[in-house]
Amino acid sequence: MRYTVFVLAFAAAGCFTTKYTPVVHLSIEPQPNVNPASTVDKSLGVRPLQPALPYKQDVVYRGSEHVIAYQQGVMWAELPRDTVTRALVDALTETKRFADVGDAADLRVPDLILTGQLRKFDEVRIADPWMAECEVRLELRAGIERRAVWAATLCAREPLAGNDPAALAAAMSRAVTRIVEQAAAAIVALDETALGGETRP
């Protein structure tokens, strides 16, 4: 009887507990550089990007064609769609092209709506060197009728400096930066007639 009690106490002390593995959280820090433009008297509402099913906080990698997997013990610090959406809003605001830029839900009746889907946010291991790949589909629509103004699928790949989580975060930051810069430049370059507004001096 005493022997049984000793074994149970020994087990309760932690001999049969699972080993804890700490999780590494990766921070993405896009740093887009955009040029200011003349302001059109219109508001632009940006809806949060809709992520394709695999892209939550788990880090997705591709080790072979058509096969995705999730890294163990490594996660993004926040949802990738939030990171990319915020970078888009910040960049479009910095261009000064629109009288107001913000979350579409916070604007009463925005003149223009930017929507999109995050299609890829991968570490590509079938490349040499490994690559960070981001792909986003964006659509800009105007007016109550939501007339199509501009649409594009933008993709960027950036090489990793090393095969480790920190290198992935740095490369993905550059990839997101490129996409945001391309999107902002294309939207700013749209003809004022297409945007449906008059330009302020």
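Here is how the numbers come out for the structure above:
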read-out: Residues (β-branched (Val, Ile, Thr) and either buried (at least 19 other Cβ atoms within 10 Å of the Cβ) or closer than 18 Å to Arg81 by Cβ (or both)) located in region 35-49; value: Val40, Val46
read-out: Verdict on Tyr61 being modelled with pLDDT of 60 or more, under 15 Å from Val84 (Cα atoms) and among the aromatic types (Phe, Trp, Tyr); value: no
read-out: Set Leu138, Leu190, Leu118: member being crowded, with 16+ Cβ neighbours inside 10 Å, in contact (Cβ under 8 Å) with a residue 24 or more places away in the chain and out of contact with any Phe, Trp or Tyr (no Cβ under 7 Å at 6 or more places or on another chain); value: Leu138
read-out: Near pairs, Cβ below 7 angstrom, 6+ apart or cross-chain, from region 161-173 (closer than 16 Å to Val23 by Cα) to any residue that is of a type outside the set (Gly, Ala, Ser) and buried (at least 18 other Cβ atoms within 10 Å of the Cβ); value: Pro165/Leu26; Pro165/Val74; Leu168/Leu26; Leu168/Glu123; Leu168/Leu160; Ala169/Leu26; Ala169/Ile28
read-out: Odd one out for Thr83 among (1) out of contact with any strand residue (DSSP E or B) (no Cβ under 6 Å at 6 or more places or on another chain); (2) within 20 Å of Pro165 (Cβ to Cβ); (3) surrounded by fewer than 20 Cβ atoms within 10 Å (Cβ to Cβ); value: (3)
read-out: Which listed residue, of Arg174, Arg97, is touching a strand residue (DSSP E or B) at 6+ places or on another chain (Cβ under 8 Å) and either surrounded by fewer than 21 Cβ atoms within 10 Å (Cβ to Cβ) or polar (S, T, N, Q) (or both); value: Arg174
read-out: Single residue of region 141-171 satisfying the filter (surrounded by fewer than 16 Cβ atoms within 10 Å (Cβ to Cβ) and acidic (Asp, Glu)) that is modelled with the highest pLDDT; value: Asp164
read-out: Selection count where residues are in contact (Cβ under 8 Å) with a residue 40 or more places away in the chain, of a type outside the set (S, T, N, Q) and in a strand (DSSP E or B), scope region 56-85; value: 10
read-out: Where a residue in region 89-113 is under 13 Å from Leu140 (Cα atoms) and its partner, wherever it lies, is of a type in the set (Gly, Ala, Ser) and in a helix (DSSP H, G or I), with Cβ under 9 Å and at least six apart; value: Leu92/Ala183; Leu92/Ala184; Pro110/Ala104; Ile113/Ala104
read-out: Verdict on Ala175 being farther than 24 Å from Gly102 by Cβ and touching an Asp or Glu at 6+ places or on another chain (Cβ under 7 Å); value: yes
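The values are calculated or read from the model by the stated rules, or taken from the named source; none is laboratory data. What you are looking at is a predicted structure, and each value in this text was computed from that prediction instead of being measured. Here the Cβ is made from the backbone with ideal geometry for all residues, glycine too, and neighbour counts use every protein chain on show.
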